[in-house]
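First the structure, in the form of structure tokens, and then the observations on it.
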Amino acid sequence: MAAIEAAVAQVSRVEEEAEFTELFAQYRLRAYHYALQMLGNPDDALEVTQEAFLRLHRHWRRRDSTRPFAPWMYSVVRNLAIDLLRKRASRRECEIEAAPEAAPVASPEQDAERRQFSERLWREIARLPEAQREVLLLRDWHGLSYAEIAEATGASLTTVNSRLHDARSRLRERLRRYL
């Protein structure tokens, strides 16, 4: 009987490793981009991403497998990034990675206008209060639902909704002349 239990446990560990490996492949770039958006430094973002996945792996067996992976992952990345910012004691000006490129534009003038708008948008996003910037990025760039954002940040759904509304309103006001 003990041999059967050991074999079942081994199969379970192999399945868990395969599941973790698949989720790592699916989410590693998302985690890195989120860390980069929070920290503004590629080296720091890579360090946080690596540490996040090490922690996720270390605690894999204790997770609640009925809950989605993304909020847990974003929460770990977020907390590590905040810890790093606190440890460094001074927050750097974020140089957030530009949004993915859109389809090619018809003329060089249109391309320059699009590039100028994109740069302005990211500067304005970087100027948002951290809590608003965080929910905006998680919702609009990382595609999390309001509930997943609430879980990842530890905020209530009402707070997430309010922060997102405020962030979008500020951006709309600051970018009015471009729209």
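The values are calculated or read from the model by the stated rules, or taken from the named source; none is laboratory data. Just so it is clear, the structure is predicted and the values come from calculations on it, not from any experiment. Cβ sites come from the backbone with ideal geometry, for glycine too, and all protein chains shown count toward neighbours.
Descriptive notes on the structure:
- Scanning the range 121-135 for residues that are among the basic types (Lys, Arg) and within 14 Å of the chain's Cα centre (by Cα) yields a single hit, ARG133.
Per-residue answers, yes or no, for (1) in contact (Cβ under 8 Å) with a residue 40 or more places away in the chain; (2) under 16 Å from the mean Cα position of the chain (by Cα); (3) closer than 25 Å to ASN79 by Cα; (4) surrounded by fewer than 16 Cβ atoms within 10 Å (Cβ to Cβ):
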site	(1), (2), (3), (4)
SER107	no, no, no, yes
GLU113	no, no, no, yes
LEU137	yes, yes, yes, no
ASP140	no, yes, yes, yes
GLY154	yes, yes, yes, yes
THR159	no, no, yes, yes
SER162	no, no, yes, yes
ARG172	no, no, no, yes
ARG177	no, no, no, yes
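- Candidates GLU151, GLU119: the one that is modelled with pLDDT under 90 and not hydrophobic (A, V, I, L, M, F, W, C) is GLU119.
- Hits in the range 31-63 (condition: within 14 Å of ALA81 (Cβ to Cβ) and basic (Lys, Arg)): ARG55
- Boolean, ARG13 is among the basic types (Lys, Arg) and either over 15 Å from TYR74 (Cα atoms) or modelled with pLDDT under 85 (or both): yes
- Taking the criterion of being part of a helix (DSSP H, G or I) and more than 14 Å from ARG133 (Cα to Cα), the residues of the range 34-52 that qualify are PRO42, ASP43, ASP44, ALA45, LEU46, GLU47, VAL48, THR49, GLN50, GLU51, ALA52.
- ALA98 being modelled with pLDDT under 85 and surrounded by 11 or more Cβ atoms within 10 Å (Cβ to Cβ): yes
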